[in-house]
Amino acid sequence: MRFEFCLPTRGTAVPAAPEWFHEVKYDGYRLRVERDGKRVRLITKGGYDWTKRFPWIVEAALKNRQSRFVIDRRGCDPRHRRPLRFQRAAFQPSE
């Protein structure tokens, strides 16, 4: 599977049609969740494999009924019920 990250674009107004939904944007890292069978990888926008840093995301991906998918999202830290802080995550040793 080969996918590029979605690139956000600046808008001038918030869409208000029924097919649009909105979410709170937390600080965090852009992650691409890739599942292929029993294999799950979490890849950063910079190309780093952060699978070991977010085991709860891997666990959730494995519980999904679909066995093959790619999700482009932002990784946040649910253990502290707040957004992932760049300073805390950025200075952890790399796997």
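Data table
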read-out	value
Sequence of 53, 39 once ranked by neighbouring C-beta atoms within 10 Å, starting from the fewest	39, 53
Residues whose placed amide H lies under 5 Å from that of residue 74, excluding near-sequence neighbours	31
Proxy reagent accessibility, fewest Cβ within 10 Å first, across 21, 54, 3	21, 3, 54
Residues 42, 62 arranged by fewest to most Cβ contacts within 10 Å	62, 42
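Throughout, read-outs are computed from the coordinates displayed, never taken from laboratory work. Because the structure is a prediction, the values reported are computed rather than measured. Cβ: placed from backbone, ideal geometry, glycine included. Neighbour counts: every protein chain shown.
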